[in-house]
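Chemist: There's a structure below that I have some questions on.
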Amino acid sequence: MFYRIFIIFLLFFSCSSKKEASVEENTKKKESKGFSCPNEGHCFLEVLNETSLEIKTINNALLLSLSDDKEKTTIHFQYSKNLEEMAVDGGYREEYFFEIDNRNHRADLKNEALQQVKMLYGKYTNSRGNNNGLHFLKNGHLNYEINEGKINFSFTTNLLDPLIKEIHVTENEL
């Protein structure tokens with residue numbers, strides 16, 4: 001009886017560790033090295049290989065999920081800042097998401113054309129009436145190029161709301 005429990009226990013934990021490794025393999029994170037982050041904020045870039053953005057609208061709110069797709073790569077940039085150390089909800093966060101087709105190695109997209117890459121902007125703060133949540137971004141300029149397994153991209157927007165209006169990343173490995 002003891003041996004059966006031991007074997008089941010061993011199989012269970014050896015299978016779950018393999019799943020974690022495969023998720024980690026497809027995700028590359030890069031801290032604020034290689035791009036600028038405003039003072040006292042924390043930035044990171046996440047490259048999700050073989051991942052596609054799935055976007056649903058429910059009650060005028062966008063909901064985002066990720067799905068496996070060997071033809072796509074999703075880029076996620078996040079800026080966060082803890083405004084009040086003592087407050088549970090005293091933080092501020094901005095995010096940008098976009099999805100690129102692995103067969104299209106370069107693009108120069110402006111304004112409405114940003115919908116081709118499902119460009120999203122998200123803002124989350126504890127202030128009410130502050131347009132929190134995810135939104136399709138239709139005002140900006142994205143230029144990206146994939147060369148020898150590395151991505152270079154720049155994004156700018158002239159919207160008033162975001163603190164992060166420019167992102168420039170060079171030589172980030174896919």
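The values are calculated or read from the model by the stated rules, or taken from the named source; none is laboratory data. None of the values given here were measured: they were computed from a predicted structure. Don't worry about glycine lacking a Cβ; one is built from the backbone with ideal geometry, like all the others, and counts go over all protein chains shown. For accessibility, only protein heavy atoms count, side chains too; no ligands or nucleic acids. Shrake-Rupley method; radii C 1.70, N 1.55, O 1.52, S 1.80 Å.
Chemist: To the nearest 10 square angstrom, what accessible area does SER154 show with a 1.4 Å probe?
Modeler: Answer for SER154: close to 40 Å² accessible.
Chemist: Now a separate question. What is the distance, in nm, between label points placed 7 Å from the Cα along the Cα-to-Cβ direction at LYS56 and at THR156?
Modeler: With each label placed 7 Å out from Cα toward Cβ, I get 3.8 nm.
Chemist: Taking 23 Å as the cut-off for C-alpha to C-alpha distance, list the pairs among LYS81/LYS110; LYS118/LYS165; LYS81/LYS138; LYS56/LYS165 that go past it. Write out the running numbers ahead of the final one.
Modeler: Details: LYS81/LYS110 29 Å; LYS118/LYS165 18 Å; LYS81/LYS138 25 Å; LYS56/LYS165 25 Å.
Table pairs above 23 Å Cα-Cα are LYS81/LYS110; LYS81/LYS138; LYS56/LYS165.
Chemist: Can you sort ASP108, ASP69 by solvent-accessible area, 1.4 Å probe, largest first? Mind showing how you got there, number by number?
Modeler: Details: ASP108 90, ASP69 45 Å².
Heavy-atom accessible area, descending, gives ASP108, ASP69.
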